[in-house]
Amino acid sequence: MTSTAPTYPTVVPTQPPALLLDGITKTYRSKAGSVDALRGVTYHFAQGSFTAVMGPSGSGKSTLLQCAAGLDQPTTGTVVLGGTTLSGLNEVALTKLRRNEMGFVFQAYNLLPSLTVYDNVALPLRLTGRRPSRGDVHRVLDQVGLQDKAKRRPAELSGGQQQRVAIARALITRPSVFFADEPTGALDSGTSRQILSLLREATERAGQTVVMVTHDPVAAAYAERVLFLSDGLIAGHLDRGTPAQIAAAMSSLER
Amino acid sequence: MFYLSRQTVSRHRSLYAGSFIALAVGVFLLGLAATATAATIAYSGPVARSITVTTLGGRDLEPRQVRVPLSDADVSGLQTVLSLVGTISGFITIFVIASTFAFAVASRRREIGLLRLIGATPSQVRRMVLGEVLVVALAASLTGAVLAQLATPLLLSKASYTELAPVKLEPASPWVPLAIAVGIGLVVAMLGARSAARRAGRVGPVDALREAALEPPRIGPVRITFGVLFLAGFITLLALIRPSTGEGVTPLAMFTPMLLVIALTLLAPVVVPWVGRLWALPLIAWTRVSGRLAQSNVVAAPRRSASLAAPILAISAIAGSMVLSLSFAADSAEATIRDTLRAPIVVEGFADLGEVPGVTAVDAGIPLQLIRISSDDAELEDAEGIDPAVASRTRDLTAISGDISRLTGNTVAVSKEMAGFDSYQVGDEIPVTFTDRSATKLRVVAVVKDAQGVNPSILIPLDLVRRHAPTAQPERIFVDGVDLTTLNEHLSGTTAHAVPAAEWEAEQAEGVREGNRLGLILLLGPAALYSAIAIANTLLMGSLQRRHEFITSRLLGATPAQIRRMVLWESGLVGAVALSLGTAITLTVGILIRHAMNSGLTDVPMTVPWAVLTGIAGICLTLAVGSALAPTTYILRRSQPSAAVD
Ligand SMILES: Nc1ncnc2c1ncn2[C@@H]1O[C@H](COP(=O)(O)OP(=O)(O)OP(=O)(O)O)[C@@H](O)[C@H]1O
Ligand SMILES: [Mg+2]
């Protein structure tokens, strides 16, 4: 992780995995019947890795992300994040883990409309009871290229700018794992590139781990590994694929 | 989290404007009741106009000194009314605040989920919601208090020299009463918002990611438990409505529906969709699409519908029950007066009828007031001095126990109601103090039927009255054995005149109704005003929140008229559900009270104040539909379908 060139750091096997999924299944039950969204997923996300998760619609990508982040309880199986087993935690402990160790970026930008950009970014720190330092907030805003928009409200920003605010908000707590669900789903290719570079920078510069769900082969190509999900199971993976290779793998999966 | 609360409130101004107004008006009414009560407490009549007596005390009661003001300086009537006004205002305020905030939380599920996602703990979210309430409540309570202070002189000048407070009232120091009103406002707001805050704390972080604007329909076991408890309380109170309820009818008519209103509101997420489905049947048959849409909107969001229905239910049930019960009370009073009076003629005023030829009975009872002392209190009571031999011929003085003919010397006959309240039995001694300050004990010789309007609750021998109030004179005389014209000829030249008994009875009944009307206006006026604000507020809020939905529908090709129709049916449906529940409560309470009061009476007239009742329903429905349609029209006019894209 000393090199700044776009070569991927090799995973050091002695390091503990940043995120460990062990035999995760998830069954949604409702009046209409039950759906097996995940049917046994085991995977280790190495620290500092950038992994894209792809798969047909309804294959369980979002469900996987939510279970991995402790937003939802898996039906069976365990999730271990940075050495902590999530299933044993109560709501408050889980929340504290979430705000200290995890960052989220979603397709809907998920900003609080009542707060300015500055306040939105500072919010996670305030929630921990810390007083956000101006320098910290401006540093992350700088990092996402929004230093001059600090006083605006989300409604006064473009979609790409809002997404960058969301990333800045995720960055400020220096989480060890980023969860992103279609972060570029609603953005044009130029803006997408900015967002993806920011995520990749996080893995390269700070050794943070990124798990990103996407439908876009170009976006997935930013990751060092693409994980394919089909019907609630891991169907395979592709390392350092080009967009064309990834697209081909996807279409063979959808067939 | 307080910092966040402040930001949220200023952002969601439309969501909180309603709560602000509702609470400000609530505190205004409470404050006004408080400052006016302070004025009545501060009022001290001339010293000669009151008598201080010592209560008896009892097993756990210390005897205490009570200063009883004499009739012409009595402000307790006003105090009673003010405390009732305060109670109703407080009740409705809890209600409005609870439903407003439940609504605010339900419509901000995603935002709250987002907070949880980025690391807010459930208790932080709870505190944020409570903080929001505090921001709104502080501003609103202070505004209400200032308004109350400004309006106090006006209220006092209107209340002075009336039947309720026949004295001149001056404003007292406002600090304590206003502080109390503000305090109550804050506490009430916090109580009202508690369940909303708790529900907000249960929103999970995934809710930020799901498009689930619709809340889960299940309601918690705690809510159900409390709903059932209040229902049980309601049934208990209903069981209390029995013959002999008498004077207790007004509070019972007020509190009984309140309990059921609370019960139904707690259970509303279950009850409202159910009744809504029922009402939607004819609507769907008639309108097809818009009726069906309205039905599914009402049924699929039970919490929201429940919030919208709650204030309509509250005011229609409470106002309806009181109007109907008091009207029925007047009916039964009318029948009682008719049944009690036996003499065919009543002379209004006083004249000596000794030498009118043919007269067989002249029942010239003399009214007076005396202080009755019980174990914990001493009160000024109306009494009448009668000659039992004559009076039992001109009126029905049937003794339930004891013997009325033994009413001589230091004795008393009490009404069944008073005997019931204070458990007096024949042979007991009641300590009294007359207005000439002489104290004595009166032995109970009989308990007689209640006959408000003809007999006061306390009857004493005529001699006793003459001794302690030598100047007192009869105000009406019941006469038998002579015809009306002869009697009126005899009375010409005096201020008195004779009327047939039926006419006098009708006058008395009208007097009762008149008094009820004044009471209703005083009690329900502020509550009605307040509920109107609440109803408009919730619906306004509801429609403003649906801006996006309306615009999306426009984008999908719905015409503004179609959307307006849907909103019309929807709000109409919610209104109908609330009003039908309100009607059910009104009928239950009304019928039971009527049944209780009419035991032992025959041929009781039945006066249903249709105009007032349909008026209440009409206003509720108009308000409901109007305040849903107005913002919808506004939104539709202001926004083009393209706005849905951003
Ligand atoms: N809350 C829920 N209740 C019931 N079923 C659900 C729920 N959430 C997801 N599912 C079902 O679980 C399966 C997996 O859903 P998931 O959202 O994980 O898919 P996805 O891979 O993210 O799809 P997409 O690419 O369309 O976002 C789907 O069949 C979906 O219908
Ligand atoms: Mg998904």
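The values are calculated or read from the model by the stated rules, or taken from the named source; none is laboratory data. Keep in mind that this is a model prediction, so the values were computed, not measured. Cβ coordinates were reconstructed from backbone atoms using ideal geometry, including for glycine residues, and neighbour counts include every protein chain displayed.
Within the range A:39-58, being assigned to a strand (DSSP E or B) and within 8 Å of ligand 1 (Cβ to nearest atom) holds for no residue.
Of the residues making up the range A:203-225, those that are more than 16 Å from ligand 2 (Cβ to nearest atom), among the hydrophobic types (A, V, I, L, M, F, W, C) and under 19 Å from A:Arg193 (Cα atoms) are A:Val210, A:Val218, A:Ala221, A:Ala223. One residue stands out among those in the range A:202-222 that are out of contact with any helix residue (DSSP H, G or I) (no Cβ under 8 Å at 6 or more places or on another chain) and away from ligand 1 (no atom under 16 Å from the Cβ): the one that is nearest to the other protein chains (Cβ to nearest Cβ), which is A:Ala206. Checking B:Leu266, B:Leu278, B:Leu178 one by one, the residue that is at pLDDT 85 or above, among the hydrophobic types (A, V, I, L, M, F, W, C) and not assigned by TED's automatic domain parsing to the domain that holds B:Arg127 is B:Leu278 and no other.
For the range A:77-94, residues that are more than 14 Å from chain B (Cβ to nearest Cβ), more than 16 Å from ligand 1 (Cβ to nearest atom) and crowded, with 17+ Cβ neighbours inside 10 Å total 3. Looking across A:Ala46, A:Ala37, one residue alone is among the small types (Gly, Ala, Ser) and touching a Lys or Arg at 6+ places or on another chain (Cβ under 8 Å). It is A:Ala37.
Results for (1) farther than 23 Å from B:Glu417 by Cβ; (2) not hydroxyl-bearing (Ser, Thr, Tyr), shown as yes or no for each residue.
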| position | (1), (2) |
| --- | --- |
| B:Asp436 | yes, yes |
| B:Gln452 | no, yes |
| B:Thr471 | yes, no |
| B:His490 | yes, yes |
| B:Gly493 | yes, yes |
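With respect to B:Ala532, is the statement that it is surrounded by 20 or more Cβ atoms within 10 Å (Cβ to Cβ) and modelled with pLDDT under 85 true? When the stated conditions are applied, B:Ala532 does not pass them.
Being farther than 30 Å from B:Ala364 by Cα and in a helix (DSSP H, G or I) is a description that applies to B:Trp569.
If you check A:Leu64 against the conditions, is it under 19 Å from A:Lys26 (Cβ atoms) and either within 16 Å of ligand 1 (Cβ to nearest atom) or in a loop (DSSP other than H, G, I, E, B) (or both)? Yes, satisfied. The number of residues in the range A:16-38 that are within 11 Å of ligand 1 (Cβ to nearest atom), more than 14 Å from chain B (Cβ to nearest Cβ) and either in contact with a helix residue (DSSP H, G or I) (Cβ under 7 Å, 6 or more places away or on another chain) or of a type outside the set (S, T, N, Q) (or both) comes to 5. Set side by side, the residues B:Ser305, B:Ser327, B:Ser316, B:Ser296 differ, and just one is hydroxyl-bearing (Ser, Thr, Tyr) and touching a Cys at 6+ places or on another chain (Cβ under 6 Å), which is B:Ser316. From the list A:Pro17, A:Pro56, A:Pro74, the one residue that fits, being surrounded by 14 or more Cβ atoms within 10 Å (Cβ to Cβ), in contact (Cβ under 8 Å) with a residue 12 or more places away in the chain and within 16 Å of ligand 2 (Cβ to nearest atom), is A:Pro56. Among helices (runs of 4 or more DSSP H) entirely within the range B:373-478, having at least 2 residues that are within 38 Å of the chain's Cα centre (by Cα) singles out B:388-394, B:416-422.
Is it the case, given these coordinates, that A:Asp142 is loosely packed, with under 15 Cβ neighbours inside 10 Å, away from chain B (no Cβ under 12 Å) and modelled with pLDDT under 90? Against the criterion (loosely packed, with under 15 Cβ neighbours inside 10 Å, away from chain B (no Cβ under 12 Å) and modelled with pLDDT under 90), A:Asp142 qualifies.
Within the range A:151-196, if we keep just the residues that are within 16 Å of ligand 1 (Cβ to nearest atom) and either in contact with a Pro (Cβ under 6 Å, 6 or more places away or on another chain) or assigned to a strand (DSSP E or B) (or both), the residue that is nearest to the other protein chains (Cβ to nearest Cβ) turns out to be A:Asp181.
Condition check for A:Val117 on (1) at pLDDT 90 or above; (2) surrounded by fewer than 20 Cβ atoms within 10 Å (Cβ to Cβ); (3) more than 16 Å from ligand 2 (Cβ to nearest atom): one failure, at (2). Might you check whether a residue that is part of a helix (DSSP H, G or I), facing chain B (nearest Cβ under 9 Å) and out of contact with any helix residue (DSSP H, G or I) (no Cβ under 8 Å at 6 or more places or on another chain) occurs anywhere in the range A:95-111? Checked the range A:95-111: at least one residue is part of a helix (DSSP H, G or I), facing chain B (nearest Cβ under 9 Å) and out of contact with any helix residue (DSSP H, G or I) (no Cβ under 8 Å at 6 or more places or on another chain). Being facing chain A (nearest Cβ under 10 Å) and either free of Cβ contacts under 8 Å to residues at least 24 places away in the same chain or on the phi < 0 side of the Ramachandran plot (or both) is the requirement here; does B:Arg110 meet it? The answer is yes for B:Arg110. Scanning the range A:223-242 for residues that are within 16 Å of ligand 1 (Cβ to nearest atom) and hydroxyl-bearing (Ser, Thr, Tyr) turns up just one, A:Ser230. Within the range A:118-126, can one find any residue that is part of a loop (DSSP other than H, G, I, E, B) and farther than 16 Å from A:Leu199 by Cα? No: zero hits.
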